[in-house]
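Here the structure comes first, spelled out in structure tokens, and everything after it is commentary.
Values in this text are rule-based calculations from the coordinates and carry no lab data. Because the structure is a prediction, the values reported are computed rather than measured. Glycine also receives a Cβ, built like all others from the backbone with ideal geometry; neighbour counts cover every protein chain displayed.
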Amino acid sequence: MKKNLLRILILFLSYGFSDTDHESQIDSSIANAADIQVYDFNYLELLLYTKSEKTYVVNFWAMWCAPCVKELPFFQTYSTNNPDVEVLLVSLDFPADIESKLKPCLKKKGITSKVVLLDDPDSNSWIDKVDTNWSGALPFTIVFDNKKRSFHEGAFESLQDLENLINKTINH
Amino acid sequence: MKKNSRFFTTIVLLSSFLITVNTNAQERNGPSPQGKRSGPPPSGHSPEQTKTLEEVGGYKFGEVGTDFKLKNVAGGMFSLSDIKNAKGYIVVFTCNECPFAKMYEDRLVELHNKYASKGYSVVAINPNSSSENEKESFEAMQKRAKEKGFPFVYLVDDGKIYSQYGAVRTPHVFLLDKDRKVQYIGAIDNNAKSAENVTETYLENAIKALEIGEKPNPNLTKAVGCPVKTS
């Protein structure tokens, strides 16, 4: 009896530890995808500017936006091919849907890029702060480093379209 | 046995502790504060434009919004000129399935009930309607209008009217005055998710401005919305 309980204890403990280990060992981008933060715009805005030389690609999307979901794999592939570029997917879905819908959706699509959720209903107050050219329609993408910035309203037709925008923005 | 049960309790306590620690680790909030924030936009390098608003097209303020003849869910065709003694027109591009459009259905019903008698009717146009999309088909629109008891017309945009107006998302409002001149473009209010927490009723304020012969201010607002399907 005691032996059995001991076995259970070890099982529980090893579960706890292995999970923690798993967390720390796992590729940070995968951990991020499993861990979706909810931000208001003040927080998110910090992620829309950089002082570093790095290139950032930020895509605003939502599960209910069909063209958004269709172009997600382009961002994923780009991110995999360009690990030095920071890709951030900003979901405008509802916080209540994170566990039940958003995570399963990302898993199904094989998206491991970083995802955050923007929950800030007064969108008129922040759309222009993302980019004055943005109408508010999804999807919307911005590309920037510490010197240059550009945007794209609407979905990309292909991975190459996305690459073109990024190359055009940063390398010229 | 008593010892055993105590032993078991310890296990449960220990494991729940471990799980809690783990969960807390996952719930870190916000980006780590890295000293001073770098936004708002540093002046000096403005966004490089790949597409200007002019290229998107659509009406500018004061331009006359086109009339149309579109199929209505209640049967027959509908034109703005069918509204007699109109003082203005609340033209809303919306659709069945977009969550942001849905969140505004009740508010549109309310607005129409409040302002139609004063000469401002809601005219809802679905730019995403397509016979290929069963959720946005004419029949689905009829069903939705019935379910929600739309007191206003709900029209199929088979004439690409959205493109002439410059509607790019749903919902997207164009408030026209009695001469059909565009006076306000944008959002209905400043909180899509919660009608109770609205602090700016942009559209209603714009209507009130027209009623007293003034220009709406602001006359252009933005909101997150679903893209208008442009194909």
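Every residue, every condition in (1) more than 7 Å from chain B (Cβ to nearest Cβ); (2) surrounded by 22 or more Cβ atoms within 10 Å (Cβ to Cβ); (3) free of Cβ contacts under 8 Å to residues at least 60 places away in the same chain; (4) in contact with a helix residue (DSSP H, G or I) (Cβ under 6 Å, 6 or more places away or on another chain), yes or no:
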{"site": "A:D120", "(1), (2), (3), (4)": "yes, no, no, yes"}
{"site": "A:A137", "(1), (2), (3), (4)": "no, yes, yes, no"}
{"site": "A:T141", "(1), (2), (3), (4)": "yes, yes, no, no"}
{"site": "A:K148", "(1), (2), (3), (4)": "no, no, yes, yes"}
{"site": "A:F151", "(1), (2), (3), (4)": "no, yes, yes, no"}
{"site": "A:E157", "(1), (2), (3), (4)": "yes, no, yes, no"}
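For the stretch A:91-112, check the following and say yes or no: at least one residue is in a strand (DSSP E or B), out of contact with any His (no Cβ under 7 Å at 6 or more places or on another chain) and closer than 22 Å to A:D131 by Cβ.
Taking every residue of the stretch A:91-112 in turn, at least one turns out to be in a strand (DSSP E or B), out of contact with any His (no Cβ under 7 Å at 6 or more places or on another chain) and closer than 22 Å to A:D131 by Cβ.
Counting only residues that are among the polar types (S, T, N, Q) and in contact with a Pro (Cβ under 9 Å, 6 or more places away or on another chain), which one in the stretch A:115-145 is nearest to A:L72 (Cα to Cα)?
Here the answer is A:N133.
Please go through the stretch A:52-71 and pick out each residue that is of a type outside the set (F, W, Y) and either more than 24 Å from B:N96 (Cα to Cα) or not in a helix (DSSP H, G or I) (or both).
Of everything in the stretch A:52-71, those that are of a type outside the set (F, W, Y) and either more than 24 Å from B:N96 (Cα to Cα) or not in a helix (DSSP H, G or I) (or both) turn out to be A:S52, A:E53, A:K54, A:T55, A:V57, A:V58, A:N59, A:A62, A:M63, A:C65.
Check off (1) over 26 Å from A:V130 (Cβ atoms); (2) buried (at least 19 other Cβ atoms within 10 Å of the Cβ) for B:A209 and give me the number that stays unchecked.
Exception for B:A209: condition (2).
Restricting to the stretch B:155-186, what's the tally of residues that are within 11 Å of another protein chain (Cβ to nearest Cβ) and within 18 Å of B:K114 (Cβ to Cβ)?
1
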